[in-house]
1. Pick from Leu156, Leu142, Leu46: which is most flexible by mean-square fluctuation in a GNM of the chain where alpha carbon atoms under 10 Å apart are linked?
2. For the range 2-93, compute Rh as the Kirkwood radius over C-alpha pairs and then the Stokes-Einstein diffusion coefficient at 37 °C and 0.692 mPa s; write the answer in µm²/s, rounded to an integer.
3. Would you report the distance distribution of C-alpha pairs in the range 62-208 as whole percents per 5 angstrom bin, up to the bin with the largest distance?
4. Under a straight-distance cross-link criterion of Cα-Cα below 27 Å, which lysines are reachable from Lys239, leaving out those fewer than 8 residues away in the same chain?
5. Remind me, relative contact order of the range 105-215 in percent, using alpha carbon pairs under 8 angstrom and six or more residues apart?
6. How much mean residue ellipticity at 222 nm does the chain get from its helices, if each DSSP H run of length 4 or more adds -39500 (n - 2.57) and you divide by all residues, to the nearest 500 deg cm²/dmol?
7. Give the Rg/Rh ratio for the chain, taking Rg as the radius of gyration of the Cα atoms and Rh as the Kirkwood radius, to two decimals.
8. Give me the tail of P(r) for the range 178-256 as a percent: Cα-Cα pairs with distance above 17 Å.
Amino acid sequence: MHDERGLIEEARSLGGDYHLLKIVAPRIAGAAKPGNFVMVRISPTLDPLLRRPLGILESRPPYIWLYYQVRGGGTRLLAGHRPGDGLDILGPLGNSFPEMPGKRVLLVAGGRGIVPLFHYARAYGERRALLLLYGGRGKTDLPLLERIRSLRLERLFIFSEDGSIGLKGRLTEGLEKIVREERPDATLSCGPEAMLAALAALLKPFPTHDLASLEARMACGFGACHGCVVPTVSGALRKVCDEGPVFPLEEIQWPT
């Protein structure tokens with residue numbers, strides 16, 4: 001873990017309140033693995049007081065890329081940053097997706113959940129067969145498609161709820177058919193809680209090794225405050241920040 005002063009080299013608006021930052025942060029970039037995240041101090045003042053957790057979309061030293069959507073005051077302030085601005089960044093934090101050499105892997109991404117899975121595909125796509133199932137409400141919620149098509153993927157499946165791109169419907173509607181036909185050894189997923197809960201139910205009959213990256217509100221990012229706990233089927237509470245964010249899908253007690 002490094003506390004590093006990053007320098008913004010590029011700040012791009014992707015439309016629909018989605019943004020992409022390219023940041024010079026060599027120590028974090030050199031240590032980051034797919035699934036890791038960072039805690040970003042948005043302002044040099046105490047407003048906002050807490051750092052914001054952001055997943056690492058890509059890491060190529062000395063750069064990291066952070067992809068986010070404006071959802072509140074903190075991310076709105078972040079969207080106002082320009083090239084040449086500095087950001088205090090703590091990371092990389094959390095655990096990561098395992099490389100799984102020799103395995104056929106299906107990546108399942110819902111909306112902003114593409115972040116750790118894009119990182120995984122960029123890091124490991126040339127070493128094994130990767131498939132990506134990616135979905136959102138509509139075309140405007142999938143602004144990274146051009147970058148995704150530059151990845152080395154065996155197959156790419158796109159779903160949109162409004163039918164504006166790819167197949168119409170939720171990505172979970174196509175999951176069972178894809179798993180039966182493509183026969184992945186493992187699935188790696190990230191997205192809204194409802195999507196992950198549906199995946200957990202849909203994948204139960206299959207002999208796949210299923211891992212999910214969870215999103216949670218965080219205050220510290222390294223396990224001190226216990227503000228990001230999730231329930232497990234054993235009854236224990238697990239901290240998303242330092243015990244995760246990657247967990248076995250069947251380990252989490254999903255809402256019914």
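1. Leu46
2. Numbers: Rh = 12.8 Å.
In µm²/s, the coefficient is 256.
3. Going from the shortest bin to the longest, the percentages are 2, 8, 18, 20, 20, 15, 9, 5, 2, 1, 0.
4. Within the straight-line cut-off, Lys239 pairs with Lys33, Lys204.
5. 30 percent
6. Numbers: 6 runs with 49 residues, N = 256.
About -5000 deg cm²/dmol.
7. 0.95
8. Here the tail beyond 17 Å accounts for 46 percent of pairs.
Every number here is computed from the coordinates shown, using simple stated rules; none is lab data. Quantities reported herein were computed from a predicted structural model and do not represent experimental measurements.
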